[in-house]
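Structure first, commentary second.
The values are calculated or read from the model by the stated rules, or taken from the named source; none is laboratory data. Values in this document were obtained by computation on a predicted structure and should not be read as measured data. FYI the Cβ positions are ideal-geometry reconstructions off the backbone, even for glycines, and counts take in every protein chain you see.
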């Protein structure tokens, strides 16, 4: 089954404790992206990657890191989480080819930083 | 820069009735895509319908249809014969053809009254 797999689904941590949210897709998609969703703000892009070893900042990259060593994986790293990073996070992917190829989303990670 | 505005934070409709969710956007581009996504309580992001700007015909998917007014930069979603399973957050999104980034509205929470 074609899917984007995010883990964990829920995560509670404390300020300053490094964490990684994993994202993996099995559709051989070139493009992958991370979003955060906050009430009243919709989804905002954190980082995206057009292909292996190519990553770019989105609208809200501060406090986050990503890597794209393999095509299928695109982990999101919070080196020193802070309470303002409490949010719902989504990973997504799509094929680069095709004008209208849809974005496939993971099931989200609810992160709470205390 | 493009922006997407959903002016209705919350809407409610009686089951089996019709409801329209509004979305306006701002862009200087002539060719782009517009999307409506549904996010039920499960948090999954589900593509409801998409519209290519160069197509004058409004997109339809079963009970879901759009009213695309390109000159007015308006992209409303009409849900006919509302069902309890339609209760969700609905997000409008814009995608430029020059890049892969999606610009999201803040969302509209749709409540279905039985």
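Name the single residue, out of those in the range B:56-71 being in contact (Cβ under 8 Å) with a residue 24 or more places away in the chain and surrounded by fewer than 21 Cβ atoms within 10 Å (Cβ to Cβ), that is farthest from the other protein chains (Cβ to nearest Cβ). Give the steps one after another, and end with the answer.
Initially, the range B:56-71 is screened for residues in contact (Cβ under 8 Å) with a residue 24 or more places away in the chain, giving B:64, B:66-68.
Now drop any that are not surrounded by fewer than 21 Cβ atoms within 10 Å (Cβ to Cβ), which leaves B:64, B:67-68.
Working: B:64: 15, B:67: 20, B:68: 15 Å.
By that ranking, first place goes to B:67.
Regarding residue A:72, is this residue surrounded by 16 or more Cβ atoms within 10 Å (Cβ to Cβ), at pLDDT 95 or above and within 14 Å of chain B (Cβ to nearest Cβ)? So that I can check it myself, show each step before the final result.
Working: surrounded by 16 or more Cβ atoms within 10 Å (Cβ to Cβ): yes; at pLDDT 95 or above: yes; within 14 Å of chain B (Cβ to nearest Cβ): no.
Considered against the rule, which asks whether it is surrounded by 16 or more Cβ atoms within 10 Å (Cβ to Cβ), at pLDDT 95 or above and within 14 Å of chain B (Cβ to nearest Cβ), residue A:72 comes out as no.
Please determine whether any residue of the range A:7-25 is modelled with pLDDT under 95, assigned to a loop (DSSP other than H, G, I, E, B) and more than 14 Å from every other protein chain (Cβ to nearest Cβ).
Quick first cut of the range A:7-25, residues modelled with pLDDT under 95 only: none.
No, that holds for no residue.
May I ask you to list the residues in the range A:39-52 that are over 13 Å from the mean Cα position of the chain (by Cα) and either in a loop (DSSP other than H, G, I, E, B) or modelled with pLDDT of 95 or more (or both)?
So the first thing to find is which residues in the range A:39-52 are over 13 Å from the mean Cα position of the chain (by Cα), and the list is A:39-42, A:50-52.
A:39, A:40, A:41, A:52 - these are the residues of the range A:39-52 that are over 13 Å from the mean Cα position of the chain (by Cα) and either in a loop (DSSP other than H, G, I, E, B) or modelled with pLDDT of 95 or more (or both).
Would you confirm, using the coordinates I've provided, whether residue B:30 is outside any helix (DSSP H, G or I), closer than 22 Å to residue A:103 by Cα and more than 14 Å from chain A (Cβ to nearest Cβ)? If you could, list the steps in order and put the result at the bottom.
Values: outside any helix (DSSP H, G or I): yes; closer than 22 Å to residue A:103 by Cα: yes; more than 14 Å from chain A (Cβ to nearest Cβ): yes.
Yes: the conditions hold for residue B:30.
Against the numbered list (1) more than 14 Å from every other protein chain (Cβ to nearest Cβ); (2) surrounded by fewer than 20 Cβ atoms within 10 Å (Cβ to Cβ); (3) touching a residue at least 60 places away in the same chain (Cβ under 8 Å), residue A:30 comes up short only at (1). Kindly indicate whether residue B:90 is over 10 Å from the mean Cα position of the chain (by Cα), in contact (Cβ under 8 Å) with a residue 24 or more places away in the chain and not in a loop (DSSP other than H, G, I, E, B). Answer is no for this residue.
The residues on offer are B:43, B:50, and the sole one that is in a strand (DSSP E or B), without any contact (Cβ under 8 Å) to a residue 24 or more places away in the chain and closer than 25 Å to residue A:38 by Cβ is B:50.
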